[in-house]
Amino acid sequence: MKTKYDSTLVNKLNFENVLLDSLPNPVYYKDTNGKFIRCNSSFSKLVNTSKKDIIGKLAYKFFPKSVANRHKSIDKIIMKTLENYADEIIFPLQNGEIKYFILNKAVYLNQDGSVGGIVCVMNDITQSIKEKEFLIQQSKLAEMGEMVASIAHQWNEPLVEISAQVQKIQLNYLLNKVNKNIMSNFVNDTMVQIKYMSDTLSDFRNFLKPSTIKKEFLIKKSIDEIFEIVGKQIFYFNIKIAFDYENEKIKIFGYENELKQVLLNIINNAKHKIIKKNKNDDFKGIITIKIYSDNEFNIIDIRDNAGSIDKTIIDQLFEPFFTTKVDGTGFGLYMAKIIIQDNMSGKILVKNDHDDNVIFSIKIPKYTNGNIL
C-alpha cells in the first residue's frame, strides 16, 4: 500500500514539475522564512542558475537588494492578510539588459491550514514598458519646440551681457587700459553668464532623458527645475506664477522626468490659453500651482484663470488624438494620463471651479519605504 502511495506521489510531483516547466512565466515558491523551495525552468533560466542551486537561497541572491528588501516586507504583510499582491519591478540581467516584470503573489496554505509560504508568478512586461517609453519620448519631442523657445528667451539676457562685456574689453584695449584687474573682472563676469547658459542646456538634456527607475524626489525641486527653463518665457508674456506649498518637503515616489513632462504640458496649455485670451481681453493671466497632501495622496493642483473648458469636451481631454489646437497632436494629455495612472499608480483629473478657472489635479499615492500607504 505504501509503495503504491509513494508511486502516486512521485507521479503527481513529476506532473507538477512538467506543468510548471511548460509555463513561459517564471514561477517560484518560497517558505515562510523567504527561502526558495521550488521554481520552474523559466525562473532558473532568468536568474541563470540551476534549480538545485536556487533551492534554499534567499531573494537577495537573485534580485536587486532594493527589490528584495521591499518584497521581504510585502511577503510578511500578505502572509498575515492572506491577500494577493501585484507589484512592478525592474530586473537587471547579467548581460546588462533591463527587464520589467509584474510579480503576482499569493499565499499558499499547508494541509492543517497554516501558512506554508508564498507562490509568485512573474509576468514579463518589458515590451509594453518599452512601447510606453517610446510614446512618452515622442510626447517629450512634441514639447521640444516650447522648450527651445524658452531656452532662446533664457539665453537672450546672458548673450546681451556677454556682448557688452566683449565690447567693453575691446574699448579698454584700444585705450591701453587693459590691466590685470580689468581682465580678471571680464573673465569672471563672462564665465558667470556662460555657466548660466550651460546650466540651462543641462536642464534641457535632463528633461529629455527617460527616467528608468522610480525614486523619491521633492516636488518643489522638480517644479523649480521646470521654471528654470520656461520661467523667462512665461514672464515675457506677462503671466504671473503663484506658488502655494502646504509643505516644501513633500516627496513623490515615481519617475521624476516623466512627472516634469506632465507638469510642463499642463503649464504650457495654460500659458497658450492665457496668451489667446490676452489677444481679445486686457486681463492679467495667473497660473497657480498648489502642493498639498491628504490621507492617501500627494497632490499637485495647477489652476489658470483664462476661462473654463467647455462642458461638452472636458471629459474627452485625456483621450488620444483629441485636441482643440489647430496644430495640436492630441498626444500630450493622453500621455500625461498614461504616465500618472499607469506608470505611477496615480490619478489625473480636470474640472472647472465656481470662478470659471480650470484646475488640473495630479494625485500620486503616498509611499513609505517604497510601499503604498
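The values are calculated or read from the model by the stated rules, or taken from the named source; none is laboratory data. None of the values given here were measured: they were computed from a predicted structure. Cβ atoms come from the backbone with ideal geometry, glycine included; neighbour counts cover every protein chain shown.
Which residue is nearest to the chain's Cα centre (by Cα), if the candidates are limited to the range 110-131 and must be modelled with pLDDT of 90 or more and aliphatic (A, V, I, L, M)?
First, the residues of the range 110-131 that are modelled with pLDDT of 90 or more: 114-124.
Adding the requirement that they be aliphatic (A, V, I, L, M) leaves 115, 118-119, 121-122.
Numbers: 115: 36, 118: 30, 119: 29, 121: 25, 122: 22 Å.
Filtering the range 110-131 for residues that are modelled with pLDDT of 90 or more and aliphatic (A, V, I, L, M), the one nearest to the chain's Cα centre (by Cα) comes out as 122.
In the range 184-200, the residues that are free of Cβ contacts under 8 Å to residues at least 60 places away in the same chain form Cβ pairs under 8 Å with partners that are assigned to a helix (DSSP H, G or I) and of a type in the set (Phe, Trp, Tyr), at six or more places apart or across chains, as follows: 197/155; 200/155.
What's the total number of residues in the range 259-297 that are among the charged types (D, E, K, R) and closer than 13 Å to residue 364 by Cα? Before you say what the answer is, go through the steps one by one.
Initial filter on the range 259-297 (among the charged types (D, E, K, R)): 260, 271, 273, 276-277, 279, 281-282, 284, 290, 294, 296.
Next cut, closer than 13 Å to residue 364 by Cα only: 294, 296.
Total satisfying the criteria: 2.
Among the residues of the range 329-354, which ones are over 20 Å from residue 215 (Cβ atoms) and at pLDDT 85 or above? Within the range 329-354, 337, 347, 348, 349, 350, 351, 352, 353, 354 meet the criteria.
I want to confirm something. Restricting to the range 103-127 and keeping residues that are among the small types (Gly, Ala, Ser) and either under 19 Å from residue 27 (Cβ atoms) or not assigned by TED's automatic domain parsing to the domain that holds residue 65 (or both), which single residue is surrounded by the most Cβ atoms within 10 Å (Cβ to Cβ)? Checking each candidate, the answer is 117. Flag not set for residue 65, criterion: at pLDDT below 90 and in contact with a Ser or Thr (Cβ under 6 Å, 6 or more places away or on another chain). Considering every residue within the range 251-266, establish whether at least one is more than 30 Å from residue 214 (Cβ to Cβ) and either in contact (Cβ under 8 Å) with a residue 24 or more places away in the chain or among the charged types (D, E, K, R) (or both). For the range 251-266, residues more than 30 Å from residue 214 (Cβ to Cβ) and either in contact (Cβ under 8 Å) with a residue 24 or more places away in the chain or among the charged types (D, E, K, R) (or both): absent.
For the range 267-278, state whether one or more residues are of a type outside the set (A, V, I, L, M, F, W, C) and at pLDDT below 80.
Yes, because at least one residue in the range 267-278 is of a type outside the set (A, V, I, L, M, F, W, C) and at pLDDT below 80.
Where helices (runs of 4 or more DSSP H) fall entirely within the range 15-133, those with at least 1 residues that are within 28 Å of residue 344 (Cα to Cα) are at 41-46, 65-81. For the range 266-314, a residue qualifies if it is part of a helix (DSSP H, G or I) and more than 24 Å from the chain's Cα centre (by Cα), and the qualifying residues are 272, 273, 274, 275, 276, 277, 278, 279, 280, 314. Residues that are surrounded by 13 or more Cβ atoms within 10 Å (Cβ to Cβ), of a type outside the set (A, V, I, L, M, F, W, C) and within 22 Å of residue 24 (Cβ to Cβ) occur at least once in the range 51-66. Answer yes or no: is there a residue in the range 87-102 that is surrounded by 11 or more Cβ atoms within 10 Å (Cβ to Cβ), of a type in the set (S, T, N, Q) and either under 25 Å from residue 45 (Cα atoms) or touching a strand residue (DSSP E or B) at 6+ places or on another chain (Cβ under 9 Å) (or both). No, the conditions are met nowhere in the range 87-102.
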